[in-house]
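Novice: Take this structure first; my questions come after.
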Amino acid sequence: MAEVVQTTQLRDALAWATNEPEPKHEASSNPFVWFWEAVEGDFNENRTTGQILVDAGISMIPLIDQVCDIRDLIADCKKIGKAPADSWTWVSLLLTLIGLFPSLGSLAKGVLKIFFAFIRREGGLAVEKALNGAMTWVITFLRRRDVQLFLKSKRVDEVFQWLADELKSLRGKINTAAVMAAFDRGIKVLDTLASRVNAIPVISAKAKAALEQVKSVREVADKYIGAALQPTQRLVDKVIAKLELQILTKQHAILGKH
């Protein structure tokens, strides 16, 4: 992991994931200490749409997006620790681990984060409702100036087709081996984050506890990942179908004007 972390960006990113965006006390100027202070609390499952969009935008920022993936990984493992037999918690973990796939581009990752956040809101139920709700905000995200500049640099004419193709490529790589490799990459980053606070009392103990919890989930993951794989693949398939439907909707709207 790079040595330089932009403290302000890291704070903004992590604040959205906690129930206290405004800290009650002065936060540390050390971004690694602040990371562990931020993830200590309960993960905010009911982030506002604005917060979800910020999260998606962070996917466009190298390093910061990786730190936020680790935030989500810790949260998923906490939930699994409380209810290891709950199949949805494992699917939620897989949705996070997909974000750690090295082949996933930053824009596609941002779009997936929006869809997955809406799906998580419904607890894996009412998926169609979640996808419909997410699509409006995916479009809003795609209209951002930085996203438009990115698309222009990639010479993308039909963004929904481009995204669908990106996710189809990703879909073909969602298997047990790839998921486990992503899990191991996440643990490696988490280990680095924990090592940065080794000399700081209290915080170091919390960091080690979180690391051990994530590692303990990794140790039993082989028993559960297989069962969660197909539901996760189906969710990605539905996201792809939603993007392709958006292409048809757009075409029909254009034809309807003539």
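Novice: Limited to segment 74-113, what total is found for residues that are farther than 30 Å from ARG145 by Cβ and assigned to a helix (DSSP H, G or I)?
Specialist: Going residue by residue through segment 74-113, those that are farther than 30 Å from ARG145 by Cβ are 74-94, 97.
Next, only the ones that are assigned to a helix (DSSP H, G or I) stay: 74-82, 87-94, 97.
Qualifying residue count, segment 74-113: 18.
Novice: Let me ask something else about it. At positive phi and either at pLDDT below 95 or not basic (Lys, Arg) (or both): which single residue out of ARG155, ARG196, ARG144 fits that description?
Specialist: Details: ARG196 fails: at positive phi; ARG144 fails: at positive phi.
Within the list ARG155, ARG196, ARG144, the selection yields ARG155.
The values are calculated or read from the model by the stated rules, or taken from the named source; none is laboratory data. Every value quoted in this text rests on a predicted model; they were computed, and no experiment measured them. Because the Cβ atoms are built from the backbone with ideal geometry, glycine has one as well, and the counts that use them run over all protein chains shown.
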